[in-house]
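Colleague: Pasting in a structure now, in structure tokens, and then I'll have a few things to ask.
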Amino acid sequence: MPKTIIVSNRLPVRVERSEKGTLSFLPSEGGLATGLGSVYQQGDNLWLGWTGVFPKSDEESQTIYKELEKENMRPIVLTPKDIKLYYEGFSNEILWPNFHYFPQYINYKESYWDAYQNVNRKFCNELEKYVEDGDTVWIHDYQLLLLPQMIREKYPELSIGYFNHIPFPSYEMFRMLPWRKELLNGLLGADLVGFHTYDDMRHFLSSASRLAAKSVKEQHVQNGERIVLVDSFPMGIDYQKYENSAAENETILQENLFRMSLQNKRVILSIDRLDYSKGIPQRLKAFEKFLKKHAEFRNKVSLVMLVVPSRDKVEKYKLIKEEIDLLVGRINGEFGMMDWTPIHYFYRSMPLTKLSALYRIADVALVTPMRDGMNLVCKEYIASKLDKKGVLILSEMAGSAKELSDAILINPNDVNQLVDAMYRALKMPEEEQIHRNEIMQKSLKRYNVHHWVDVFMSNLKKIKTTQKALEIKSLDENDTQHLLADYQKAEQRLIFLDYDGTLTSFKDDPAAAFPDEELLSILKKLTDDSRNHVVMITGRGRSPMEEWVGHLPMSLICEHGLWLRAIGGEWKKLKDVDDNWKKEIHPVLDSYVSRTPGSFIEVKDYSLVWHFRKVEVGLGELRSRELTSHLKYMARDRHLQVLEGDMVVEIKNFEVNKGVATRKWLKKYPADFHFAVGDDWTDEDTFGALPESAYTIKVGVQSSRARFNVESVDDVRALLGEIVVS
Ligand code: GDG
């Protein structure tokens, strides 16, 4: 029975060692643990990760193993050095600041990178102990970016999902990392890569295309023979848990105690883990400014601030803690009164009952990170508001802002906006608060953490089915042997060869792609055999082809099938086509050339081509999409067809295509062996026109009507080389 294995840096358990040295095991309260509970606690499913403790003996390791085994968990053993270099080092001093747009905090160290690779390898080795063909593996977060590809190499058929809980930075930020390509290739071992937001996903796709040179179409990345789906899955909370907890008697009791201590002052709430990405000092400064600007709120409102200790061994975190301590001291010192403390500051974590009581008591929640993958605190606050009263002030830089547009959204760098938002929140009429919260509660209830798990898992299944449908059949040794045997047996062979991207690689200047010695020698040998009828079938105009290969005894089909020249014959036109449209279309292409440095127009007898190979990356693609839709609109009632080729957009007469020309040749020259090779979608017409038994070969790893795929021009030449010596 296939199983699902969750893998994350930490297991959903808190293992604590008492002073006497005995271990206790407490379930984790995190949202991820709850959401994935429905997965890992079932049947043979598992969760693999680190426990957070270093076993002191083999005996202790065994106790941990046995204890966790009962809960479907499997521990991975890491050393203090692993944690220092891979977790605190590479993950939290390199990836975390880069992904949260704090490049000035990055501490580039080769030893961190070495450890990161080693620990990802350790995870892979451990995973191998449990995984079997047919299983599904769901890997979580930035500590394990290399694991998808590592496990893929061992199990090519595995279903692998990856989810990134923190933001994925823009290409400009990500490209600063010296190991950017390795990290991208690591991730692309997955079948499904998930992010919280559309922007994260867009950033990842841009990096995959520009840094790892992968072909990206909409949400799909072509990684070798496999298609990887990239999508956004905004993570929800366990809504019921927070709604129920807010209704419990114990919570209400706690709320009353808090209210008494706060002397019924109004409350602004702030809850975060200690981190520079959370914008805590900026929030404090804004509160200070608020008290200065709106003196009427002094002694009326308190900021209750819970900061949960975290990563206190990392230098930057120590510094941020000191900054917060100083600011709180300064503000309380300046504004505090005998009967009013402006800021109640707690540097610790609290049990759920107290947390829920704080959510209940807060008139305003101030969630203002400088950058946050999602942020669950704001969602929990809304879910805890049983009477629907309360105002959420939320940073635009948190992933959750995309869903919670009924909060007061602010830019956390704009201190004045933050001050105004606090004022507006404290003055907001109750009906408006209820109206806004009702909308947000409805959405959070529906898009809860269980929904998140279901949608991710069903998309992982879906991409596996899509991959099967688009499966590519690489031409392997066995296929080549069959091809050669059929070739040798045949008495008459018809061989169609596309030129650019098939026999030669693309060049910046199309005129520079002339055939080299090697190619000419292959073509000569191929055409020397009297049983071969070779047809060069290309989108190029007549003159370069005539100049380059015109001396060889082969047929030439140019301009996608418009111009035909049989062996030893004269040039003939497939049919009389009108080229008056060029007068109208040429100025349109001109306007794109003048707006796009590096692009140029190629004029053929019956087509026009706009080339953008030398245009700045990204701009060329953008303009080509714009031009294509512009031309498609113009093509509609003019019998024209727009083709998007490799860094070109071409417009030509509709009636002419390689398929029509191929069929003409098939009729005229009967053969018992058919072969065609080509790289772009104009060649699909050639493949489609040939009998099923033909050896049709697509250059590139996209799906095609061809029977086989090869990766590159070199592969085509190697194959033709084998054919001519066979
Ligand atoms: C990552 C991303 C993304 C906090 N203090 C206490 C306490 N908490 C709980 C909250 C909430 C959780 O911790 C914090 O959730 P966040 O979403 O803010 O952040 P992380 O989980 O650290 O980090 C983040 C998330 O992954 C999910 O993908 O949203 O952007 O950085 O649930 O309630 N819980 C208790 N006592 C506390 O004192 N019991």
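The values are calculated or read from the model by the stated rules, or taken from the named source; none is laboratory data. Here the structure is a predicted model, which means the values were calculated and not measured. Using ideal geometry, Cβ is built from the backbone for each residue, glycine included, and neighbour counts are taken over all protein chains shown.
Colleague: When PRO553 is evaluated against the numbered criteria (1) surrounded by fewer than 17 Cβ atoms within 10 Å (Cβ to Cβ); (2) modelled with pLDDT under 95, which criterion, by number, is the only one it fails?
Modeller: That leaves (2) as the condition not met.
Colleague: Can you name the residue in the range 69-92 that is of a type in the set (Asp, Glu) and more than 29 Å from the chain's Cα centre (by Cα) and, of all such residues, is surrounded by the fewest Cβ atoms within 10 Å (Cβ to Cβ)? Spell out the reasoning first.
Modeller: Here is the first cut: in the range 69-92, the ones of a type in the set (Asp, Glu) are 69, 71, 82, 88.
Cutting the leftovers down to more than 29 Å from the chain's Cα centre (by Cα) gives us 69, 71.
Details: GLU69: 12, GLU71: 16.
Once the filter is applied, the top-ranked residue is GLU69.
Yes/no per residue for (1) out of contact with any helix residue (DSSP H, G or I) (no Cβ under 8 Å at 6 or more places or on another chain); (2) exposed (fewer than 15 other Cβ atoms within 10 Å of the Cβ); (3) outside any loop (DSSP other than H, G, I, E, B); (4) in the same structural domain as THR502 (by TED's automatic domain parsing):
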{"position": "GLY568", "(1), (2), (3), (4)": "yes, yes, no, yes"}
{"position": "ASP605", "(1), (2), (3), (4)": "no, no, no, no"}
{"position": "LEU608", "(1), (2), (3), (4)": "no, no, yes, no"}
{"position": "VAL615", "(1), (2), (3), (4)": "no, no, no, no"}
{"position": "SER624", "(1), (2), (3), (4)": "yes, no, yes, no"}
{"position": "SER629", "(1), (2), (3), (4)": "yes, yes, yes, no"}
{"position": "MET634", "(1), (2), (3), (4)": "no, no, yes, no"}
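Colleague: Report yes if SER277 is modelled with pLDDT of 95 or more, within 16 Å of the ligand (Cβ to nearest atom) and of a type in the set (S, T, N, Q), otherwise no. Before you say what the answer is, go through the steps one by one.
Modeller: On the way: modelled with pLDDT of 95 or more: yes; within 16 Å of the ligand (Cβ to nearest atom): yes; of a type in the set (S, T, N, Q): yes.
Yes, satisfied.
Colleague: Still on this model: So if I check each of ILE434, ILE393, which one is at pLDDT 95 or above and part of a helix (DSSP H, G or I)?
Modeller: ILE434
Colleague: Okay, next question. Checking GLU29 against (1) modelled with pLDDT under 95; (2) surrounded by 13 or more Cβ atoms within 10 Å (Cβ to Cβ); (3) within 16 Å of the ligand (Cβ to nearest atom); (4) not in a loop (DSSP other than H, G, I, E, B), which single condition isn't satisfied?
Modeller: Unmet condition: (4).
Colleague: Additional query: Between LEU257, LEU274, LEU284, which is touching a strand residue (DSSP E or B) at 6+ places or on another chain (Cβ under 7 Å), among the aliphatic types (A, V, I, L, M) and under 30 Å from PRO351 (Cβ atoms)? Spell out the reasoning first.
Modeller: Working: LEU257 fails: touching a strand residue (DSSP E or B) at 6+ places or on another chain (Cβ under 7 Å); LEU284 fails: touching a strand residue (DSSP E or B) at 6+ places or on another chain (Cβ under 7 Å).
Within the list LEU257, LEU274, LEU284, the selection yields LEU274.
Colleague: Within the set of pairs 6 or more residues apart or between chains, which connect a residue that is without any contact (Cβ under 8 Å) to a residue 60 or more places away in the chain inside the range 22-41 to a residue that is in a strand (DSSP E or B) and among the acidic types (Asp, Glu) with Cβ atoms less than 9 Å apart?
Modeller: Listed pairs, sorted by first residue: LEU23/GLU16; SER24/GLU16; PHE25/GLU16; LEU26/GLU16.
Colleague: Could you tell me which of the residues LYS388, LYS379, LYS442 is in the same structural domain as VAL267 (by TED's automatic domain parsing), surrounded by 15 or more Cβ atoms within 10 Å (Cβ to Cβ) and in a helix (DSSP H, G or I)? Full working, then the answer.
Modeller: Values: LYS388 fails: in a helix (DSSP H, G or I); LYS442 fails: surrounded by 15 or more Cβ atoms within 10 Å (Cβ to Cβ).
Of LYS388, LYS379, LYS442, the one residue that is in the same structural domain as VAL267 (by TED's automatic domain parsing), surrounded by 15 or more Cβ atoms within 10 Å (Cβ to Cβ) and in a helix (DSSP H, G or I) is LYS379.
Colleague: Under the condition of being part of a strand (DSSP E or B) and more than 7 Å from the ligand (Cβ to nearest atom), which residue from the range 344-376 is nearest to LEU257 (Cα to Cα)? Outline the logic, then answer.
Modeller: The first filter runs over the range 344-376 and keeps only residues part of a strand (DSSP E or B), leaving 344-347, 364-367, 372.
Those left that are additionally more than 7 Å from the ligand (Cβ to nearest atom): 344-347, 364-367.
Values: HIS344: 15, TYR345: 17, PHE346: 16, TYR347: 20, VAL364: 19, ALA365: 19, LEU366: 22, VAL367: 24 Å.
By that ranking, first place goes to HIS344.
Colleague: Oh, and also: Here's a check for you: in the range 296-320, which residue that is of a type in the set (Val, Ile, Thr) and within 16 Å of the ligand (Cβ to nearest atom) is surrounded by the most Cβ atoms within 10 Å (Cβ to Cβ)?
Modeller: From the range 296-320, those of a type in the set (Val, Ile, Thr) are 301, 304, 307-308, 314, 320; that's our starting set.
Subsequent filtering for residues that are within 16 Å of the ligand (Cβ to nearest atom) retains 304, 307-308, 314, 320.
Values: VAL304: 21, VAL307: 23, VAL308: 14, VAL314: 19, ILE320: 20.
Among those that are of a type in the set (Val, Ile, Thr) and within 16 Å of the ligand (Cβ to nearest atom), it is VAL307.
Colleague: Restricting the search to the range 638-655, which residues are touching a helix residue (DSSP H, G or I) at 6+ places or on another chain (Cβ under 7 Å) and either part of a strand (DSSP E or B) or surrounded by 21 or more Cβ atoms within 10 Å (Cβ to Cβ) (or both)?
Modeller: LEU640, GLN641, VAL642, GLU644, VAL649, ILE651, LYS652
Colleague: Would you check if TRP548 is more than 19 Å from ASP685 (Cα to Cα), surrounded by 16 or more Cβ atoms within 10 Å (Cβ to Cβ) and within 46 Å of the chain's Cα centre (by Cα)?
Modeller: Values: more than 19 Å from ASP685 (Cα to Cα): yes; surrounded by 16 or more Cβ atoms within 10 Å (Cβ to Cβ): yes; within 46 Å of the chain's Cα centre (by Cα): yes.
Answer is yes for this residue.
Colleague: Need the failing condition index for VAL677 against (1) farther than 22 Å from ASN532 by Cβ; (2) aliphatic (A, V, I, L, M); (3) in a strand (DSSP E or B), just the number.
Modeller: Condition not satisfied by VAL677: (1).
Colleague: Go through the range 660-719 and report how many residues are crowded, with 20+ Cβ neighbours inside 10 Å and acidic (Asp, Glu).
Modeller: Residues meeting the conditions: 4.
Colleague: Let me ask something additional. Determine if the range 32-39 includes at least one residue that is at pLDDT 95 or above and in contact with a Ser or Thr (Cβ under 7 Å, 6 or more places away or on another chain).
Modeller: So in the range 32-39, the residues at pLDDT 95 or above come out as none.
No, the range 32-39 contains no residue that is at pLDDT 95 or above and in contact with a Ser or Thr (Cβ under 7 Å, 6 or more places away or on another chain).
Colleague: Quick check on the range 125-143. Is at least one of its residues in contact with a His (Cβ under 9 Å, 6 or more places away or on another chain), closer than 28 Å to LYS278 by Cα and assigned to a helix (DSSP H, G or I)? It would help to see each step written out before you state the result.
Modeller: Initial filter on the range 125-143 (in contact with a His (Cβ under 9 Å, 6 or more places away or on another chain)): 140-142.
Right, trim to closer than 28 Å to LYS278 by Cα and you get 140-142.
Pick out the ones that are also assigned to a helix (DSSP H, G or I) and you get 142.
Scanning the range 125-143, I find at least one residue that is in contact with a His (Cβ under 9 Å, 6 or more places away or on another chain), closer than 28 Å to LYS278 by Cα and assigned to a helix (DSSP H, G or I), so the answer is yes.
Colleague: Inspect all residues belonging to the range 202-221 and state whether any of them is in the same structural domain as THR341 (by TED's automatic domain parsing), among the basic types (Lys, Arg) and within 30 Å of ARG180 (Cα to Cα).
Modeller: Residues of the range 202-221 in the same structural domain as THR341 (by TED's automatic domain parsing): none.
So far as the range 202-221 goes, no, none of its residues is in the same structural domain as THR341 (by TED's automatic domain parsing), among the basic types (Lys, Arg) and within 30 Å of ARG180 (Cα to Cα).
Colleague: If you don't mind, another one. Would you please list the contacts, defined by Cβ atoms under 6 Å and residues six or more apart or on different chains, that run from a residue in the range 590-607 that is among the basic types (Lys, Arg) to a residue that is in a loop (DSSP other than H, G, I, E, B)?
Modeller: Listed by first residue and then by second, the contacts come to LYS604/GLY541.
Colleague: Would you confirm, using the coordinates I've provided, whether GLU559 is under 47 Å from the mean Cα position of the chain (by Cα), within 20 Å of LYS507 (Cα to Cα), surrounded by fewer than 20 Cβ atoms within 10 Å (Cβ to Cβ) and in contact (Cβ under 8 Å) with a residue 60 or more places away in the chain? Working first, answer last.
Modeller: Numbers: under 47 Å from the mean Cα position of the chain (by Cα): yes; within 20 Å of LYS507 (Cα to Cα): yes; surrounded by fewer than 20 Cβ atoms within 10 Å (Cβ to Cβ): no; in contact (Cβ under 8 Å) with a residue 60 or more places away in the chain: yes.
In short, no.
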